[in-house]
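The values are calculated or read from the model by the stated rules, or taken from the named source; none is laboratory data. Because the structure is a prediction, the values reported are computed rather than measured. Cβ placement follows ideal geometry from the backbone for every residue including glycine, while neighbour counts extend to all protein chains displayed.
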Amino acid sequence: MAKIKQSPKQPAEKRREQLLKAARELFHKKGYRETTTEEIARRARLTKGALYHHFRNKEDVLYELIVDISRRRRERLLERVAKGAAPAQVLKIILADEDRWFRHDWNYHIDIWLQAMKLPRIRRLMTEQMELFIEILTDRLDRRFGNQKQRRNMALFTLSLFHGLYVRKILGPDLINVTAQTRLFGSLLATSNLYKPVRKRNK
C-alpha cells in the first residue's frame with residue numbers, strides 16, 4: 001500500500017476541511033455505516049493520525065459535518081432573506097438550500113440523517129435550525145393570519161408540509177414538483193381568507 005504524502009506546512013483548518021469534504025463524499029457514495037475512518041483519511045490524502053487529531057471517532061466526524069452544513073445553511077439564509085420578503089420567497093430560499101445539499105443520492109442522504117438523529121446533540125442542533133426557519137417565516141406572514149402564536153403554527157405547518165414533500169420526492173421523484181408546489185403555497189399564503197382565527201362564542 002502506497003504511503004500517503006502530505007505537506008507538514010498545511011494549516012490545521014485546511015486539513016479539517018479536507019476531512020469533512022472527504023467524509024461528505026464518502027457518506028453520500030457508500031453510506032455512513034459502510035464508510036471507515038481510514039477511507040476518510042485516505043480520500044482526504046491525510047493519515048489516520050491527522051483525522052484523530054481533529055475528530056475523536058467517525059461519530060464525531062458526522063456531528064461536525066452536520067454542524068458545518070447547518071452553519072452554512074443558516075448563514076446563507078440570513079444573508080439572502082431580505083427584510084419584508086414574502087413567505088413564498090422564504091420557502092424558495094430554504095428549499096433551494098435543501099436541493100443544494102441533498103440533490104444527489106437521496107438514499108444515502110436518508111441513511112446519513114437517520115444515523116445523525118440518533119445523537120442527542122445533533123437532534124438539538126436540528127431543532128435550533130428548524131426554530132430559526134419557523135421564526136423567519138412567522139415574521140414574514142401577514143398579520144391577517146392571526147396573532148404571533150397562530151402565525152407560528154401556520155409557519156410550522158407549512159415547513160412540515162414541505163419537508164413531507166421532500167420525503168415523497170425521494171419515493172417518487174416524478175410525482176413531486178417542489179417549485180410548482182412552492183409557487184402554489186405562496187399564492188395561498190398571500191390569500192387573506194385562507195386562515196381566519198376562530199372566535200370563541202359566548203355561552
Does at least one position in the stretch 9-26 carry a residue that is surrounded by fewer than 19 Cβ atoms within 10 Å (Cβ to Cβ), on the phi > 0 side of the Ramachandran plot and at pLDDT below 95? no
Suppose we keep only residues that are exposed (fewer than 13 other Cβ atoms within 10 Å of the Cβ) and closer than 19 Å to ASP97 by Cβ within the stretch 178-197. Which one would you say is modelled with the highest pLDDT? ALA180
If we keep only residues of the stretch 29-48 that are part of a loop (DSSP other than H, G, I, E, B) and within 21 Å of the chain's Cα centre (by Cα), then the residue surrounded by the most Cβ atoms within 10 Å (Cβ to Cβ) is TYR32
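Would you say LEU65 is assigned by TED's automatic domain parsing to the domain that holds GLN129 and either in contact with a Lys or Arg (Cβ under 7 Å, 6 or more places away or on another chain) or among the basic types (Lys, Arg) (or both)?
For LEU65, the condition - assigned by TED's automatic domain parsing to the domain that holds GLN129 and either in contact with a Lys or Arg (Cβ under 7 Å, 6 or more places away or on another chain) or among the basic types (Lys, Arg) (or both) - is met.
One line per residue, one yes/no per condition, for (1) of a type in the set (Gly, Ala, Ser); (2) assigned by TED's automatic domain parsing to the domain that holds ILE110; (3) touching a His at 6+ places or on another chain (Cβ under 6 Å); (4) under 23 Å from ARG123 (Cα atoms):
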residue: ARG15; (1), (2), (3), (4): no, no, no, no
residue: LYS21; (1), (2), (3), (4): no, no, no, yes
residue: LYS29; (1), (2), (3), (4): no, no, no, no
residue: ARG42; (1), (2), (3), (4): no, no, no, no
residue: LEU46; (1), (2), (3), (4): no, no, no, no
residue: ALA50; (1), (2), (3), (4): yes, no, no, no
residue: ILE69; (1), (2), (3), (4): no, yes, no, yes
residue: ARG73; (1), (2), (3), (4): no, yes, no, yes
Any idea which of (1) at pLDDT 90 or above; (2) outside any helix (DSSP H, G or I); (3) within 15 Å of the chain's Cα centre (by Cα) is the one HIS104 doesn't satisfy? (1)
Conditions (1) modelled with pLDDT under 80; (2) out of contact with any helix residue (DSSP H, G or I) (no Cβ under 7 Å at 6 or more places or on another chain); (3) assigned to a loop (DSSP other than H, G, I, E, B) -> VAL167 fails only (3)
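Across the stretch 27-44, what is the number of residues that are at pLDDT 95 or above and of a type outside the set (A, V, I, L, M, F, W, C)?
6
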